[in-house]
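The values are calculated or read from the model by the stated rules, or taken from the named source; none is laboratory data. This is a predicted model, so every value here is computed, not measured. Virtual Cβ from ideal backbone geometry, glycine too; neighbours counted across all protein chains shown. Areas reflect the complete protein model, heavy atoms only, side chains present, ligands, DNA and RNA absent. Shrake-Rupley method; radii C 1.70, N 1.55, O 1.52, S 1.80 Å.
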Amino acid sequence: MQIIVLGAPGSGKGTQGALLADRLGVPKIATGDLLRAAVRDRTPLGVEARSFMDRGLLVPDEIILGLIEEVLRSPEAQDGVIMDGFPRTLAQAEAVEGLLADRGSRIDRVLLIDVPEDELVKRMLGRARAEGRSDDTPETIRKRLAVYGEQTAPLIRYYEERGLLTTIVGLGTVREVADRVNEALGR
Ligand code: AMP
């Protein structure tokens, strides 16, 4: 089962992706988490990625594709994965498709967690205070939302055209959204 959880920063895609991964018994792969770990460990990849992340920009596709290829090849990922935070560009979407096709697999469903922009900003400002994430400042929040609109939102149409997209209303409690996700997947 290959599922992509798509959504703007602050939409709750990470939380919902984790719940879904638990329920389906497959790993959740989040490029944001992998990048933050690389930044924390000060690997060469982390050092390079950090300059983009701190500015609210996307990390270049070549870096992300290397990461994705590695995780999709790992033994844990063989029965499917929940992809959280990637693909984030059309180039990444095409590359993921190719990598899965190479192993006779394909995307089963794309869940768009849909949350209005004013609510996204409110949530991210709250998270900035609670978690101290260095990319959750008001300035980078605005930038990340703009980057989402320009570079990631085109994926909505891309997956809609392929008949893979299901939109989930991302407002309400975590439980309410999770129930909608389950319903959308018929579970
Ligand atoms: P996230 O935790 O998914 O919000 O990701 C945090 C930051 O990591 C983003 O603002 C980007 O700078 C970077 N990032 C995470 N995933 C990707 C991706 N698939 N492509 C490019 N940049 C990414």
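What helices (runs of 4 or more DSSP H) lie completely within the stretch 32-146 and have 1 or more residues being within 13 Å of the ligand (Cβ to nearest atom), hydroxyl-bearing (Ser, Thr, Tyr) and surrounded by fewer than 17 Cβ atoms within 10 Å (Cβ to Cβ)? Spell out the reasoning first.
Numbers: elements: 44-53, 61-73, 90-102, 117-131.
Helices (runs of 4 or more DSSP H) meeting the threshold: 44-53.
The requirement of being surrounded by fewer than 20 Cβ atoms within 10 Å (Cβ to Cβ) and either within 20 Å of Arg55 (Cα to Cα) or touching a Phe, Trp or Tyr at 6+ places or on another chain (Cβ under 7 Å) (or both) is fulfilled nowhere in the stretch 166-186; no residue meets it.
Applying the set (1) more than 9 Å from the ligand (Cβ to nearest atom); (2) open to solvent by less than 30 Å² (accessible area, probe 1.4 Å); (3) in a helix (DSSP H, G or I); (4) in contact (Cβ under 8 Å) with a residue 60 or more places away in the chain to Gly14 leaves exactly one unmet item: (1).
Only one of these is in a helix (DSSP H, G or I), surrounded by 21 or more Cβ atoms within 10 Å (Cβ to Cβ) and in contact with a strand residue (DSSP E or B) (Cβ under 6 Å, 6 or more places away or on another chain): Leu6, Leu20. Name it. Don't jump to the end; show me each part of the working.
Details: Leu6 fails: in a helix (DSSP H, G or I).
Matching residue, one of Leu6, Leu20: Leu20.
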